[in-house]
Each structure stands twice: as C-alpha cells, then as structure tokens.
Amino acid sequence: MKKMLMAALLCFALIGVAMPGLAYAQSDQELTEEQRIKEMRINIEKLECEAGMNDTLKTDASILATGITMGTDKTIYGATNGAIYKSHSDDRTIGSWGNDNNGWVDCRSEFQFPGGEGEGYCWGWIGKYITVSDSGSQNCNVIFTGRYEGILNGLCKVVSPDVGVSIYAQVYDVTDGGFIKIAEKKIVERKGVLTSIPNNIEDDINHTVSCELKGGHNYLVRLRLYTEAEAGVSPLSNEQMQEINTESETDGILEWSLSDFHNDGAGGQGVDYTKVKFDW
C-alpha cells in the first residue's frame, strides 16, 4: 500500500492539478515547459535537415511549370507534393498524405506500457514547389490558408509521459538542389506532460510568412506537421512498474501517450492545405 501511495504522489507531483490542457503551472514548471519545447524544436531541426536531400527540388517539368511573377500578387490553390517520416515501422507511428481536396497531411504517434513502450515521432509535410520569374529580389508575404485538428491524450499510473505536436508554415529555397529554410511561422506548438483528460486542438490556418524571394530561384512552400509521444521510459525500472501494477491489483496499461492528428484523408484530424497567396 505504501508503494502505491508513493507512486500516486510521484505521478501527481509531475502532472500537476488534474485539469484540461497541458500541465502548465507556475514559475519553474513554466520554465520546464519552455525547455521541453526547445528540445522538441532542436529535434525537429535535425530531422528536417536529414530529410532535406529528399525534399529538395527534383528536375521535373511539372514542378518547374508552377511559376509566379515577382511583384504580381497570385493565389495558388492546392498542394502537389508531400512526404512522411517516422521513427518506427510499426503502428506506433503512422502517417499519410495526399493531394486530393487541395492537399492534406496526417500523422500520429502513440506509445503504451506495457505492450508498446518507447518514444518516437511521425512527421510530414504538404506543399508546392514554385519558381519566381524576373531578376533581383523583393519582400513578399506568403499567406497560407487551411485548417488543423487533433488530440493530445495520456494516461498515468506511474509517471506521466511527454507528448507533443508542432505545426509550422515554412518557405524553403531549393534552387540548384539546395534546401535552405528562409522563413517560417508557428501555427501551433504544444509539449508537456498530460493529465488523463483529452486535449482537443482545432483551428483554421491563416498565417503569413514574410520573406525575401529572389528572381530565378525555386522555392518549396509547405505546411509541416510533427507529432511525438513516449511511454515506459520513466526513471522507474520495469520491475518497479510491474510491482506497482501487481500490488494495485489492476491489469492493463500503466502509461499511455497519444498525439493523434491522423484521419488518413482530407477533413477530420490532421492538417488540410487549401491555398497560398503571394502578396507583394
């Protein structure tokens, strides 16, 4: 019984007061949340760089044919390109994308202990390659329109697991096989420990990325979705977790975390891409 009480106190100390949303608290817990987001951003930057060789512009006439004229406002509907990257080959991390209904990208990361412990991610993007005609350079507001929907959830009987999501609008210069991020805009970003109460996240995308575009250059304009989760990777050993589970006379899941932005299609959970406007 004492071990059960100690485990409960440890869990409550980590997740804070049981209430909807991430366990944001005062002072040091807010700093911890900032540190978690910073760590997630560093991991994402590394993954984006590793994927750059795949995401850079390929010599394709259909891609190169999508052009805009410098200084002339233009709206381009629909995405034509995308990609999915994930840490695990099984269904703990899944993702998909498509260019139907203007384009969409879906990702989900889910881990549980016992039976599916670990930590990992699924991320992807949906967007379009474009070319800018003329010479010189000029500032441009790249306005993304779309929507996103998903859920962050978790269950804690021992130590509350981390779970996170990040959605950004991005502009990359992919001229001559390069892959350089020139500007981005945060749409939503959450990272932290969870209570067992679901956290529903849903809103429209109407975000502007301000940047300098150059004539004769090729660009990738995209919406990037990243999900991550973990379970069974707490400082307590597996034997301690199993002992707590046995003494509490409960079978089943001790830890579970879910970042679910996956619907395997347009609409519903995930990120939907509608259009991009180039406003000079």
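In the range 62-75, which residue that is in a strand (DSSP E or B) and among the hydroxyl-bearing types (Ser, Thr, Tyr) is modelled with the highest pLDDT? Even if it seems obvious, please write down each step before you answer.
Of all residues in the range 62-75, those in a strand (DSSP E or B) come to 67-69, 74-75.
Those left that are additionally among the hydroxyl-bearing types (Ser, Thr, Tyr): 69, 75.
On the way: Thr69: 93, Thr75: 96.
Looking at residues that are in a strand (DSSP E or B) and among the hydroxyl-bearing types (Ser, Thr, Tyr), I get Thr75.
Within the range 93-108, being crowded, with 23+ Cβ neighbours inside 10 Å and β-branched (Val, Ile, Thr) holds for Thr93, Val105. State which residue pairs qualify: first residue over 21 Å from Tyr148 (Cα atoms) and inside the range 115-126, second residue surrounded by fewer than 18 Cβ atoms within 10 Å (Cβ to Cβ) and not hydroxyl-bearing (Ser, Thr, Tyr) in any location, beta carbons under 6 Å apart, and separation of 6 or more residues or different chains. Here the result reads Glu119/Val233; Gly120/His88, each pair linking the range 115-126 to a residue that is surrounded by fewer than 18 Cβ atoms within 10 Å (Cβ to Cβ) and not hydroxyl-bearing (Ser, Thr, Tyr).
Cβ separations smaller than 6 Å between residues 6+ apart or across chains give the following pairs from the range 250-273 residues that are more than 14 Å from Asn101 (Cα to Cα) to residues that are modelled with pLDDT of 95 or more and hydroxyl-bearing (Ser, Thr, Tyr): Ser259/Ser109; Ser259/Thr227; Phe261/Thr227.
For Glu48, the criteria (1) at pLDDT below 85; (2) more than 25 Å from Gly116 (Cα to Cα); (3) part of a helix (DSSP H, G or I) hold in every case but one, which is (1).
In summary, strands (runs of 3 or more DSSP E) completely within the range 81-185 and bearing 1 or more residues that are in contact with a Leu (Cβ under 7 Å, 6 or more places away or on another chain) and aromatic (Phe, Trp, Tyr) occur at 81-86, 104-113, 118-133, 137-156, 162-173. May I ask you to verify whether Gly78 is in contact with a helix residue (DSSP H, G or I) (Cβ under 6 Å, 6 or more places away or on another chain), of a type outside the set (Val, Ile, Thr), at pLDDT 90 or above and surrounded by fewer than 16 Cβ atoms within 10 Å (Cβ to Cβ)? In short, yes.
The values are calculated or read from the model by the stated rules, or taken from the named source; none is laboratory data. As the structure is a prediction and not an experimental result, all values here were calculated from the model. Virtual Cβ from ideal backbone geometry, glycine too; neighbours counted across all protein chains shown.
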